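One structure is given below, encoded as structure tokens.
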Amino acid sequence: MRPMRSFGGRGGGGGLPGLETTASKLAVGLVAGSVLFLVLRYQGAANSVLLLLSPNTVFGNLFLWQPFTYAFIESEPFSILFGAMLLWSIGGWLESYWGPKRLVLVAVGCTALAGFVLGVVGLFMPLPAGYQGGWVMGSVLWVAYGLVIGKGQTNFWGIPLSGNAFAGIGAGFVVLRVLTAGFLSQLPHVVALVLVFAYVKGASPKRFMLQLQHWRLQRQLKDRSKHLHVVGKNKDKPDRDQYLN
């Protein structure tokens, strides 16, 4: 049974991780990227928008850096500070559980992959431009944290609840944003949460190929069995081999 974890208050979470951790570097990256974007935008630099995710230009104009750069940008002070806190606190716990490489794979990987998925969709239909992804990465870690704890106990601002319920709260925030701002405006959130759910639950290309091979083998065995039939007992010839077809 996993020990109780906490978020937003006192509990058994063990405090915030140190500044030397990968999680803290992700948090600093979010603050630095956001400040850089805001400074460029304040100065009227036209290329500031190139740091954001515009799905129709990712593959259309080969702006392949956007799925990575947008992950470290938010333009509202609350989003920057609270997003950095999420990356530092929740990311720190996941880093201690997974290790730094897997933390980066999930946090940056799911966020960037969502951007590339939208880039593919953008080849066939127009999508909104200028997505910011700091909260997308924070939401990915929020939901991953809850799913990892699962049925174990954590707490949210002093309210005890299961890890699955904690993940549900994170997904619920995305649903609220969809209802208030529209589905298209939250596409990176939706795609990224689907990806992190699949990853934590065990989905992977290798696992998919193994499942596909298993399905093909079962199909072949089933097709072969259709050509077999059971030979009934022959009363007139009791010495006949009953197992021949």
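Miscellaneous remarks
- Accessible surface of segment 22-201, 1.4 Å probe: 74 percent of it comes from carbon and sulfur atoms.
- Averaged over residues, the count of other Cβ atoms within 10 Å places the peptides 89-96, 42-49, 133-140 in the sequence 133-140, 89-96, 42-49, highest first.
- Highest mean first, the peptides 56-63, 164-171 sorted by other C-beta atoms within 10 Å per residue fall in the order 164-171, 56-63.
- Here A45 and L113 are evaluated by their C-beta separation; at R0 = 25 Å the FRET efficiency comes out at 0.35.
- Accessible area per residue for segment 22-201, computed on protein heavy atoms with a 1.4 Å probe, is 45 Å².
- Ordering of 114-125, 148-159 by packing [mean C-beta count within 10 Å, highest first]: 114-125, 148-159
- Separation in nanometres of the label points that stand 7 Å from Cα toward Cβ, at S162 and L64: 4.3
- Relative compactness, segment 22-201, computed as alpha-carbon Rg over 2.2 N^0.38 Å: 1.00
The values are calculated or read from the model by the stated rules, or taken from the named source; none is laboratory data. Predicted, not measured: the structure shown is a model, and the values here were computed from it. Here the Cβ is made from the backbone with ideal geometry for all residues, glycine too, and neighbour counts use every protein chain on show. Only protein heavy atoms, including side chains, enter the accessible area calculation; ligands, DNA and RNA are left aside. Shrake-Rupley method; radii C 1.70, N 1.55, O 1.52, S 1.80 Å.
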